[in-house]
1. Where the second residue is among the basic types (Lys, Arg) and within 10 Å of the ligand (Cβ to nearest atom) and the first is open to solvent by less than 80 Å² (accessible area, probe 1.4 Å) and lies in segment 347-370, which pairs have Cβ atoms under 9 Å and are six or more apart or on separate chains?
2. Across segment 20-47, what is the number of residues that are touching a Leu at 6+ places or on another chain (Cβ under 9 Å), in a loop (DSSP other than H, G, I, E, B) and within 12 Å of PHE107 (Cα to Cα)?
3. Given the criteria open to solvent by 20 Å² or more (accessible area, probe 1.4 Å), touching an Asp or Glu at 6+ places or on another chain (Cβ under 8 Å) and either closer than 30 Å to VAL220 by Cα or not in a loop (DSSP other than H, G, I, E, B) (or both), does GLN79 qualify?
4. Which of the residues that make up segment 275-294 are near the ligand (Cβ under 8 Å from one of its atoms) and free of Cβ contacts under 8 Å to residues at least 60 places away in the same chain?
5. From VAL269, VAL262, grab the single residue that is buried (at least 21 other Cβ atoms within 10 Å of the Cβ), within 19 Å of the chain's Cα centre (by Cα), of a type outside the set (Gly, Ala, Ser) and modelled with pLDDT of 95 or more.
6. Within segment 160-181, how many residues turn out to be under 16 Å from GLU211 (Cα atoms), open to solvent by 10 Å² or more (accessible area, probe 1.4 Å) and assigned to a loop (DSSP other than H, G, I, E, B)?
7. Pick from GLY336, GLY391: which is modelled with pLDDT of 80 or more, of a type in the set (Gly, Ala, Ser) and either away from the ligand (no atom under 14 Å from the Cβ) or surrounded by fewer than 16 Cβ atoms within 10 Å (Cβ to Cβ) (or both)?
8. Just to be sure, is GLU363 closer than 30 Å to GLU139 by Cα, assigned to a loop (DSSP other than H, G, I, E, B) and of a type outside the set (Val, Ile, Thr)?
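The values are calculated or read from the model by the stated rules, or taken from the named source; none is laboratory data. In this text the structure is predicted, and so the values were computed from the model without any measurement. Neighbour counts run over all protein chains shown; Cβ positions are idealised from the backbone, glycine included. Areas reflect the complete protein model, heavy atoms only, side chains present, ligands, DNA and RNA absent. Shrake-Rupley method; radii C 1.70, N 1.55, O 1.52, S 1.80 Å.
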Amino acid sequence: MSPSGAEVLRQIKSRIDEVDPATVREQSSNGTLLIDVREPEEWGTGHIPGAKHVPKSYLESRIEGAAPDRSQHIVLYCQSGNRSAWAARTLLDDLGYEHVESMTGGFTLWKDRGYEVETPRTLTAEQRDRYSRHLLLPEVGAEGQQKLLDAKVLLLGAGGLGSPTGLYLAAAGVGTLGIVDDDTVDLSNLQRQVIHNSNRVGVPKVDSAEETITALNPDVKVNKYPVRLGPDNIMDILPGYDIVVDGLDNFPTRYLLNDASVRLQIPVVSAAILGFEGQLSVFKPYDGPCYRCLFPTPPPAELAPSCGANGVLGVLPGTMGLLQATEVIKLILGEGDPLIGRLALYDALGATLNEVKIRRDPECPICSRHPEAISDDEMGVFPDYEAFCAGAH
Ligand SMILES: [Zn+2]
């Protein structure tokens, strides 16, 4: 007659070393490797801080990755101490590990003793489905997706650039999108501002954008600012955001944004479009040049787009907006080489993408100084813009 399961377990336990949770806790700082052998759902509800996760069903195939050194002191734990005893025997008898113990009472006893527990935040089943193509990328994965969901990005404008950027950042699962725009949807916008539609002509752009975004992805929270960004409100709106997406169409506000973002040390992903050409750069305060390092003085008024309506190829803001969205996602994930200190130049007619290096100006009136030294009065200091534009006509 073969022995019962309980009898086999008793025999196994008599042949391996078991260790009490109190001892495991004391040993945690001296190089002992703690491995949780429970199933992913159990791990997801909480685990011992610092433990590695190798489910018992994948022990043979995954243990080497977690514990390449077979002479290392390893403690295994499960929920109650039985599965970890089995796993310890496998490591010792079959896989050549030398110093393996099983924690008595498992995670249940650990928790009952009131010891510290780490609860990982996990994606819901729906989120795992929605972001499945991200989860398949090692550069994103569940951890990266969580970073995206936690990120707060401020879009300045829900126009040509803000439309594609906002749409794709929402689709990607950027959890909070702030939108600053005081305009309403006009029929002439719809040639390129794809976040709006024909039924929303006359509707505030922030409301129209919110409707499209929440229909696309309910994970995204939209903060609406139906105002014109100015010196009176910029220091109230920007703080709390991780990244600002600049789709502004006028230079005075660009300078103001630059000065505030340097002061608050928030990176700005900036793009500009005119005709068939676009420009793009990432201004990360103190890591690279700021907007004033690149353009110490504004361009001549006749070249300043906000002085009047300018023609633009409808797809161009799409191209540049998606390059912006890509830079935003890279910054959130900490992957790739961001466009810091580089200005990308896109020519749609020539189908060329070039870049020029841009450097920090040691004499820059803003970023050569400590952020605390920049005062309210200095922010956005710029020639009188109305007069400036009037001179162009
Ligand atoms: Zn600068």
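1. Pairs found: ASP361/ARG292; CYS364/ARG292; PRO365/ARG292; ILE366/ARG292; CYS367/ARG292; CYS367/ARG360; SER368/ARG360.
2. Residues meeting the conditions: 2.
3. no
4. TYR291
5. VAL269
6. 1
7. After ruling out the rest, the residue left standing is GLY336.
8. no
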